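Beneath this line is the structure, given in structure tokens, with notes to follow.
The values are calculated or read from the model by the stated rules, or taken from the named source; none is laboratory data. Bear in mind the structure is a predicted one, so any value in this text is a computation, not a measurement. We place every Cβ from the backbone using ideal geometry, glycine too, and count neighbours over all the protein chains shown. Accessible surface areas use protein heavy atoms only, side chains included; no ligands, DNA or RNA. Shrake-Rupley method; radii C 1.70, N 1.55, O 1.52, S 1.80 Å.
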Amino acid sequence: RTIHELDDATAREMTRFTTDELRRLFRLFGLPDIVRVGVARYVFTGEELFLFSLTKIALGQPNTYLCDHIFGGDSRRWSCGYRWFLSYINERFDDVLGMQGIGRFQAQFPDFARAIERAMKVASSYTDPNTGGRRIIPGVEFHPGDFKFIGFIDCSIFESNTPGTGPVGDWVDAPRRPGCDDIQRSVYTRYKKVHGLKICSVLFPNGISCVFGPASARRDDNHVTAMADVNNILMHLNQAMLGLQANIANVLLAYKLLSDAGFARQTCIDHPYESVLPIDFVLNFRLRAQRICIEWNYGMLATLFRICLTFDQWHGWKRVPYAYGQLRVSFLLLNCYVCLHGSQVTGLNKFGLAPPSLEDYLGVH
């Protein structure tokens, strides 16, 4: 398969991108013309491996299905190439996708804050659960320069099948896999009663995400956020911009991220205050109305790239795990999609901010 063989409708169905966009992505990803991987030294062209990997991530189908219906060949051969692609993209664009990528938008922090502030001023309505009637929530005005939220932070669990299950072989009375209890316990969360992986993500008003992880779903949101070091990254960026000292006395001057109540308050991470006062109710309602877009962003990710919901494609506990790489590459492709098509949950639709160009985002021209 090559991009030249596809029409736009087929390309969108397979990869979520048009043929012109695929050519542009392929050039910016910088894949080599010939790729040799595995002990058997399987040979691929960079273009066919690029198409296979994007199709697998978009459709969420196993390698056997893709080989039988689209690409042909041996599924084991494609599996080796797919793992190589995930590793290559993760290493090449780690500084772009990871939390260190927050610093790339440092100059836009004031624009981000003003965009969210504008959205806070817009009145909205909701259905009162107690009375069943519609209630109008007015917008909230701030003194110039007082509003400091520049984006949103959240952690989400991506559920997987139970790892380490089944016997060690296909004979009668075969024993369980060694260490299966420890494997299952390591990624089990009692909060949701599931096994899985947890991603910490930061979403900016222009629709671009920075992510950390994935980590074990066993860890709570505060633990994963501390591992991501988001607060310290933002404190250093604030110091560089505003000349602040890293202490709590400057918390009102620092640019911050808006979280939910599950996060501990820190210098650069804050969430709405619980209060019965009418003025605080309005403020908290408007803050939550802006933050909900990060939850919608997860829905957009799962809608476009079905691999995120395909539990049996999460080979995270085998000898060569790649569930971790799949999630990160899915977020990178979502950001690329937003650069090309805009975001349905933020961007021009909600905050009036356009995403960067694909070349600016990937840092390749």
Point to revise | Whichever residue in region 165-199 is touching a residue at least 60 places away in the same chain (Cβ under 8 Å) and touching a strand residue (DSSP E or B) at 6+ places or on another chain (Cβ under 6 Å) and, among such residues, is farthest from Val345 (Cα to Cα) | key: Val187
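For every residue, the table says whether it meets (1) touching a Ser or Thr at 6+ places or on another chain (Cβ under 8 Å); (2) farther than 16 Å from Thr310 by Cβ; (3) modelled with pLDDT under 95; (4) open to solvent by less than 30 Å² (accessible area, probe 1.4 Å).
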position	(1), (2), (3), (4)
Gly60	yes, no, yes, yes
Ser79	no, no, yes, yes
Tyr82	yes, no, yes, yes
Ala107	no, yes, yes, no
**Study point:** Single residue of region 257-305 satisfying the filter (modelled with pLDDT under 90 and of a type in the set (Asp, Glu)) that is surrounded by the fewest Cβ atoms within 10 Å (Cβ to Cβ)
**Key:** Glu274
Exercise for review: List every residue pair whose Cβ atoms sit under 9 Å apart, with the two residues 6 or more apart in sequence or on different chains, where the first one lies in region 281-304 and is among the aromatic types (Phe, Trp, Tyr) and the second, anywhere, is part of a helix (DSSP H, G or I).
Suggested key: Tyr298/Cys308
Check your understanding: Just checking, how many residues over region 145-181 are farther than 30 Å from Arg328 by Cα and open to solvent by 40 Å² or more (accessible area, probe 1.4 Å)?
Key -> 10
Review point. Taking region 180-234, which residues are part of a helix (DSSP H, G or I) and small (Gly, Ala, Ser)?
Key: Ser186, Ala226, Ala228
Point to revise | Hey, Phe50 without any contact (Cβ under 8 Å) to a residue 60 or more places away in the chain, closer than 23 Å to Arg328 by Cβ, assigned to a helix (DSSP H, G or I) and open to solvent by less than 10 Å² (accessible area, probe 1.4 Å) or not | key: yes
Review point. Which condition does Phe71 not pass, out of (1) in contact (Cβ under 8 Å) with a residue 40 or more places away in the chain; (2) surrounded by fewer than 20 Cβ atoms within 10 Å (Cβ to Cβ); (3) under 21 Å from Tyr337 (Cα atoms); (4) not small (Gly, Ala, Ser), if it passes all the others?
Key: (3)
